[in-house]
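The structure under discussion appears below in the form of structure tokens.
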Amino acid sequence: MSEPPRRVPHGEEPDIDAARRRLAHAQTELLSALVAGGPTPDGFDPGRLLVQRRALVAKRADVVSKVAPEPADILAGDFRDLFFDYARTRPMTDSYRRDATDFVRHLLDAGRPRDAERRELLTAWWEERTTPRPAPGRTPVRLGRLVSALRTSRAAR
Amino acid sequence: MGHLGTGIGWRPEIADDIARLPDVDWVEVVAENLCPGRLPDPLERLLARGTTVVPHGVSLGLGGAERPDPAGLVALAELAEELDAPLVSEHIAFVRAGGPLTASPRLEAGHLLPVPRTRDALDVLCANVRIAQQVLPVPLALENIAAYLTWPGEELTEGRFLAELVERTGVRLLVDVANLHTNHVNRGEDPAAFLDEVPAWAIAYVHVAGGFEKDGLWHDSHAHPVTRPVLDVLAELCSRVTPPGVLLERDDDFPEAGGLAAELTAIRGVLHEAHRV
């Protein structure tokens, strides 16, 4: 593997680029195992990797449900399992908002959840979120009403 | 930099409680959650009252293989100026990987991951810290993180790793005693040995947070009460040096204001007890 020579910035030790490359490979191997379904790197405890992997995906699910609460509301008790399933091999590469719309698209493409009412709500949410609109950041009235209606009906069960 | 006192992590959910709590000397804010030029009103009111506000970054990933992102550094620098902060803090961690150095897609961890305690990682960290120090208008303090994982082939203890980092860069330390407890439970590392190895004078402030133990692992949740073992590590630290500041972190499942006040009182109790001996 050869790379073009690079000028060493002022003040950095000359062999730091080699150290950066070695470290980059080690960290990428570990992070791939944690967030992209990559193989377990040599020398790590597989049990601990599993704990760390779960902690990362739980945090990701938590943040996604905060920046985009509607899918979590619509999916209710199924949100976590469905999100964990989605996230297992799909690393986050962009924002949490983008993660939320990608997650919902993935679900809809897979025909999940099974019940049509929730799929319809998710479709409406995904369309609102991925279509440019004049007032960003607000949940549109119609969808907001649908979600609160769903919440109420679930609470009444 | 000087004295900070006893403080609490400012979060929007507990902004009203913090405003009413007696004797909160200072607060820390998560830098990435604030927009420069548009600070939340309750935070503006604290600043107007003269409360010190310290920005705490979580996304620079100074322990990562790449040079720190200039835009992220500039944002942190601008926030420090806007808050008139005496220092800023970040973590000894990596938060992303992939990208040009490996010719692979960029991966975001979304959280702090431990760096291997090797010579390579220390060299890279020192280089990254020097870059950050050139951009930041105030001193930088770096925090030891909580970990589940241990890298194979480590060459230094955590204390030695941090001591050399301080020696080579002059960076200050933010010692998180809950993270020391976490690594004691999860990696069998001795908090006292860590405290013996790091230069006490370099400690800018201390974090205290709650968590819980399950199946032999400590989870540094910041959503549970502060436990005795964590306060014991604080006492251990205070027996060596009087830290310029101590800060309670709570991120979720917030107790009533009285609960937060009680935890701050418990922290002050440990500090006073150490002074008496």
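The values are calculated or read from the model by the stated rules, or taken from the named source; none is laboratory data. Note that the structure is predicted; figures quoted are calculated from it, not measured. All Cβ positions, even for glycine, are placed from backbone atoms using ideal geometry, and neighbour counts span all protein chains on display. The area values use the complete protein model at the heavy-atom level, side chains included, leaving out ligands, DNA and RNA. Shrake-Rupley method; radii C 1.70, N 1.55, O 1.52, S 1.80 Å.
Observations on the model:
- For chain B, the share of alpha carbon pairs falling in successive 10 Å distance bins from zero is 6, 30, 38, 22, 4, 0 percent.
- Accessible-area composition of the protein assembly as shown, carbon plus sulfur, in percent [1.4 Å probe]: 52
- In order along region A:49-62, the phi-based Karplus estimate (6.51 cos²θ - 1.76 cosθ + 1.60, θ = phi - 60°) of 3J(HN,Hα) comes to 4, 5, 4, 5, 4, 5, 5, 5, 6, 5, 5, 5, 4, 5 Hz; Gly and Pro are listed as x.
- Average beta-carbon neighbours from other chains, 10 Å sphere, peptide B:147-154: 5
- Charging the Cβ of each Asp and Glu at -1 and of each Lys and Arg at +1, and nothing else, the dipole of the protein assembly as shown about its Cα centre rounds to 1400 debye.
- Heavy-atom accessible surface that A and B bury in contact, both chains counted, 1.4 Å, Å² to 100: 3400
- For residue A:96, solvent-accessible area (1.4 Å; no DNA, RNA or ligand), Å²: 50
- Cβ neighbours within 10 Å from other chains - mean over A:45-52: 4
- Partner shielding of B:124-133 amounts to 3, given as the average count of beta-carbon atoms from other chains within 10 Å of each residue beta-carbon.
- Counting only DSSP beta bridges whose two residues both lie in the protein assembly as shown, roughly 25 percent are antiparallel.
- Panel note: the C-alpha atoms of the protein assembly as shown, placed on their principal axes, show extents of 66, 61, 45 Å (largest first).
- Estimated vicinal HN-Hα couplings, Hz - region B:207-218 in sequence order (Karplus 6.51, -1.76, 1.60; Gly, Pro = x): 9, 10, 8, x, x, 8, 9, 9, 6, x, 10, 8
- With each label modelled as a point 7 angstrom along the Cα→C-beta vector, the residue B:251-residue B:155 pair spans 3.1 nm.
- Under 5 Å, built H, 5+ apart or other chain: amide partners of residue B:250: B:9
- Label zone at residue B:134 (point 7 Å along Cα-to-Cβ), backbone N below 16 Å, region B:156-179: B:169-170
- Antiparallel content of DSSP bridges confined to region B:57-158, in %, to 5: 50
- Alpha-carbon centroid distance for the pair region B:56-75 / region A:84-137, whole angstrom: 29
- Cut-off 9 Å between beta-carbons: net charge of the residues surrounding residue B:141, Lys and Arg +1, Asp and Glu -1: -1
- Once the 1.4 Å probe is applied to the protein heavy atoms, the protein assembly as shown comes out at 46 Å² accessible per residue.
- Report note on the peptides B:39-47, B:25-33: ranked by the mean count of other C-beta atoms within 10 Å, highest first, their order is B:25-33, B:39-47.
- The Rg/Rh ratio of region B:102-146, with both radii computed over alpha carbons and Rh defined as the Kirkwood radius, is 1.01.
- The accessible-area loss of region B:59-85 on complex formation, taken against its chain alone with a 1.4 Å probe, reaches 10 Å² or more at B:63, B:65, B:67.
- Toward the positive end of the charge dipole of region B:34-162, with +1 on the Cβ of Lys and Arg and -1 on the Cβ of Asp and Glu, the farthest Cα among B:116, B:95, B:141 is that of B:116.
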